[in-house]
Amino acid sequence: MIGAHSFSMLQDKIASGWIAWEDEVTFSLAPDSSYIGKWEAASQPAVEAIRSQATTTSFWEALKVHYSEENQSGSVNWDNVSFVKSICETVA
């Protein structure tokens, strides 16, 4: 807490354990909550186009089928996870 204000902070890369910390730790200030979920006017048509598809069951069913196809990897494809996360953040 700095003065009488509290700030939400984010840490991108953790280089220390839960007992021992590095001499320096880098944080970023979290965005103001009034900013989250707002898009500039020029972006509204694109956001609405994404929302109109991403809020349908058929979109998620088709994506599920696509992601369930076999691939050469035996682990999670983090690009796919990031894509789904981005969709959720966009339409939230």
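Nothing in this text is a laboratory measurement; each read-out follows from the coordinates by a stated rule. Since we're looking at a predicted model, the values are computed, not measured. All Cβ positions, even for glycine, are placed from backbone atoms using ideal geometry, and neighbour counts span all protein chains on display.
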Next item on the list: Measure nothing fancy, just the Cα-based angle from helix 78-91's long axis to the longest principal axis of the chain, in degrees from 0 to 90, nearest 10.
Entry: 90
Next item on the list: Work out which GluC sites (Glu not before Pro) in the chain are exposed loop sites (DSSP not H, G, I, E or B, at most 10 other Cβ within 10 Å) and give the longest gap free of them.
Entry: 41-68
Check: Once the dipole of the chain is set up with Lys and Arg at +1 and Asp and Glu at -1 on Cβ about the Cα centre, which of Ser52, Val76, Ser6 lies farthest towards its positive end?
Finding: Ser52
Checklist line | Table column - 3J(HN,Hα) (Hz), segment 48-55, Karplus curve with 6.51, -1.76, 1.60, x for Gly and Pro | finding: 5, 5, 5, 4, 5, 7, 6, 9
Next item on the list: Among the aspartates and glutamates, select those whose C-alpha is under 13 Å from the C-alpha of Lys38, and discard any that sit fewer than 8 residues away in the same chain.
Entry: Glu48, Glu89
Margin query: Taking 8 Å as the Cα distance limit and 6 or more residues as the minimum spacing, I'd like the relative contact order of the chain as a percentage.
Written below: 27
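At most 15 other C-beta atoms within 10 Å and a DSSP loop state: those are the exposed chymotrypsin sites (Phe, Trp or Tyr not before Pro) I care about. Give me the longest piece of the chain that has none. Please list the in-between numbers first.
Numbers: sites that count: Phe7, Trp18, Trp21, Phe27, Tyr35, Trp39.
After excluding every exposed loop site, the longest remaining stretch is 40-92.
Tell me, in nm to one decimal, what length is gained between Asn77 and Ser43 on full extension, where the rule is 0.36 nm per residue of separation less the Cα-Cα distance?
9.4 nm
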